[in-house]
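Working notes, beginning with the structure itself.
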Amino acid sequence: MLILGITIVGMIITWPWALIDLFLIPSIIRKRMDETRQRLTIEAIA
């Protein structure tokens with residue numbers, strides 16, 4: 001992604017990619033944290 005961002009043609013690809021990541025990554029992290037929290041809660045109860 002860094003190498004693509006250096007070229008003009010690469011910027012056309014990189015900007016939408018970065019915007020999509022801007023919105024997707026936080027939701028992925030939140031989902032993983034919720035799954036981990038749920039698993040640890042179940043293990044703590046057992």
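Summary table
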{"quantity": "3J(HN,Hα) from dihedral phi, segment 11-22, Karplus parametrisation 6.51/-1.76/1.60, rounded to Hz, x for glycine, proline", "calculated": "5, 4, 7, 5, 4, x, 4, 5, 5, 5, 4, 4"}
{"quantity": "Rg ratio (alpha-carbon, reference 2.2 N^0.38 Å) - the chain", "calculated": "1.88"}
{"quantity": "Within the chain, helix-based [θ] at 222 nm, where runs of 4 or more DSSP H residues each add -39,500 (n - 2.57), nearest 500", "calculated": "-32500 deg cm²/dmol"}
{"quantity": "Using θ = phi - 60° and Karplus 6.51 cos²θ - 1.76 cosθ + 1.60, couplings along segment 25-39 (whole Hz; Gly, Pro as x)", "calculated": "4, x, 5, 5, 4, 4, 5, 4, 5, 5, 4, 5, 4, 5, 5"}
{"quantity": "Check: segment 2-45 dipole with +1 on Lys, Arg Cβ and -1 on Asp, Glu Cβ, in debye", "calculated": "80 debye"}
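Every read-out reported here was derived from the displayed coordinates using simple, explicitly stated rules and does not represent laboratory data. These numbers were taken from a predicted model, which means no experiment stands behind them. A quick note on method: Cβ atoms are made from the backbone with ideal geometry, for glycine too, and the neighbour counts reach across all protein chains shown.
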